[in-house]
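The values are calculated or read from the model by the stated rules, or taken from the named source; none is laboratory data. It should be emphasised that the depicted structure is a prediction, and the values quoted were computed from it without experimental measurement. Glycine also receives a Cβ, built like all others from the backbone with ideal geometry; neighbour counts cover every protein chain displayed. Side chains are part of the model used for accessible areas, which takes the heavy atoms of the whole protein and leaves out ligands, DNA and RNA. Shrake-Rupley method; radii C 1.70, N 1.55, O 1.52, S 1.80 Å.
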Amino acid sequence: AAWASGGNLNTARNELMGAKEGTQTAALAAGGGTTGPSNLSNASEEYNGTSWTEGNNLNTARTRGGSAGTQTAGLIFGGTTTAPVAPGATNVSEEYNGTSYSEGNNLNTARLGLGGSGGPQTAAIGAGGYDTSARSTATEEYDGTSWTNGGSLPTATNDAGGAGTSAAMIFGGGYAPPGLANTVFAYDGSSWTASPTTLTYSVRLMASSGSSTAAIFSGGEAPSDVATVNQYNGTIFATAPSLATARGRLSGAGTSAAAIVYGGDPPGNAATEEFTGET
């Protein structure tokens, strides 16, 4: 198992969104912050396994939104239009068809820093985050047309990692003091329960992808930027080979055996790394 360098993003940025069901050879990078936390981007790029190519832009420039789907059927939702914190939370939701973004039905609750699923465009989950005043416990499910309210998180959290679809999980994130968590919550399609397993360290703003039985997360803030990587095998999280570059506020896609991460802190970070692990 090891990480290798890939092609750099054309627009270096942090707090960007992607398509968690994308792959090492078909990833998506959308929005984010460029030279500073107030410089929002609407840029969108596609990765072909070697290099990133600029595509049509997001309709709404933003950072720290949720994402799901693939490079040809992606979903970007929520985030902030006045980074880095509320009250700039937005409820805007956009679908990507591999060529352009179109406005979809909005989230019921405007939030940034949502955790949740890496599901398809037609079965996404957005959980937690910041609303316009505080951390949130809200969960919403997208069916390809509209968002409906689901079961609330046991603990209000923001900037958590996530994986899976109707059997989803979120992990880590920002909580009330002391601020960072290593806890894991599992979703059965209607309610969340605390998992007996935990991450190997407390972290938020990491890249995450995979399924509820085979997930991976990389980097993040703990509280400084780290290169640490954890893999989940359906039972426990265990340490995997580290990133070459420590960074938080990055994005990623793929599976626990074939993941990709890109962007992150500082906002001038354009680096891409590809992971090949044991199947």
Check your understanding: For the stretch 168-179, what are the residues that are buried (at least 19 other Cβ atoms within 10 Å of the Cβ) and in a loop (DSSP other than H, G, I, E, B)?
Key -> Ala168, Gly172, Gly173, Tyr175
Practice item. Please tell me if Gly126 is closer than 18 Å to Ser208 by Cβ, open to solvent by less than 20 Å² (accessible area, probe 1.4 Å) and out of contact with any Asp or Glu (no Cβ under 7 Å at 6 or more places or on another chain). Key: no
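Please give the strands (runs of 3 or more DSSP E) falling wholly within the stretch 48-105 in which 1 or more residues are closer than 29 Å to Ala134 by Cβ.
Result: 66-69, 74-77, 93-96, 101-103.
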Point to revise | Lone unmet requirement of (1) closer than 24 Å to Ala163 by Cα; (2) open to solvent by less than 10 Å² (accessible area, probe 1.4 Å) for Gly88 | key: (1)
Practice item. Name the single residue, out of those in the stretch 225-251 being small (Gly, Ala, Ser) and at pLDDT 95 or above, that is surrounded by the most Cβ atoms within 10 Å (Cβ to Cβ). Key: Ser251
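Across the stretch 124-138, what is the total count of residues that are in a loop (DSSP other than H, G, I, E, B) and more than 15 Å from Asn106 (Cα to Cα)?
The number of residues fulfilling the criteria is 7.
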Exercise for review: Could you please let me know if Leu243 is in contact (Cβ under 8 Å) with a residue 24 or more places away in the chain, in contact with an Asp or Glu (Cβ under 7 Å, 6 or more places away or on another chain) and assigned to a loop (DSSP other than H, G, I, E, B)?
Suggested key: yes
Check your understanding: Considering Thr99, Thr165, which residue is in contact with a Ser or Thr (Cβ under 7 Å, 6 or more places away or on another chain), open to solvent by 20 Å² or more (accessible area, probe 1.4 Å) and β-branched (Val, Ile, Thr)?
Key -> Thr165
Check your understanding: Does Thr155 satisfy being farther than 25 Å from Ala227 by Cβ, of a type in the set (Ser, Thr, Tyr) and assigned to a strand (DSSP E or B)?
Key -> no
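Before we move on, is Asn182 free of Cβ contacts under 8 Å to residues at least 40 places away in the same chain, crowded, with 24+ Cβ neighbours inside 10 Å and either within 17 Å of the chain's Cα centre (by Cα) or not in a loop (DSSP other than H, G, I, E, B) (or both)?
No; evaluated as a whole, the condition is false for this residue.
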Exercise for review: State all residues of the stretch 7-42 that are under 22 Å from Asn230 (Cα atoms), open to solvent by 20 Å² or more (accessible area, probe 1.4 Å) and not polar (S, T, N, Q); if no residue qualifies, say none.
Suggested key: Lys20, Glu21
Exercise for review: State whether one or more residues within the stretch 258-267 are in contact (Cβ under 8 Å) with a residue 60 or more places away in the chain, β-branched (Val, Ile, Thr), surrounded by 22 or more Cβ atoms within 10 Å (Cβ to Cβ) and assigned to a strand (DSSP E or B).
Suggested key: yes
Practice item. Give the residue, chosen from Ser146, Ser195, Ser152, Ser202, that is open to solvent by 60 Å² or more (accessible area, probe 1.4 Å) and not β-branched (Val, Ile, Thr). Key: Ser152
Exercise for review: Tell me, please, whether a residue that is under 17 Å from Gly254 (Cβ atoms) and more than 19 Å from the chain's Cα centre (by Cα) can be found in the stretch 36-49.
Suggested key: yes
